[in-house]
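Below is one structure; the comments refer to it alone.
Quick note: the coordinates plus some simple rules give every number you see, no bench work behind them. All values reported here derive from a predicted model rather than from experimental measurement. We place every Cβ from the backbone using ideal geometry, glycine too, and count neighbours over all the protein chains shown.
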């Protein structure tokens, strides 16, 4: 049985999901620390997320192959 996604598609899906999770969690925590969790929190979090995610997605696309290579290098030492 052949895989449903090509390696390229799987890499894009990985970057998409990882960037959503990281941008969502980090922007949520940082917004809570800076503003507190009260009135207007969700709107402030959504604004922060809207800024963070478009940055996170291409960064993960570019950096994840380099990080994997670095981890392999360190693990072989």
Which numbered condition trips up residue 37, out of (1) without any contact (Cβ under 8 Å) to a residue 12 or more places away in the chain; (2) in a helix (DSSP H, G or I); (3) more than 16 Å from the chain's Cα centre (by Cα)? (2)
Tabulated pairs, region 59-77, first touching a residue at least 12 places away in the same chain (Cβ under 8 Å) and at negative phi, second surrounded by 10 or more Cβ atoms within 10 Å (Cβ to Cβ) and part of a helix (DSSP H, G or I), C-beta under 6 angstrom, 6+ apart or interchain: 60/15; 60/18; 60/19; 61/15
Tally, over region 4-33, of residues that are surrounded by 13 or more Cβ atoms within 10 Å (Cβ to Cβ) and under 19 Å from residue 55 (Cβ atoms): 16
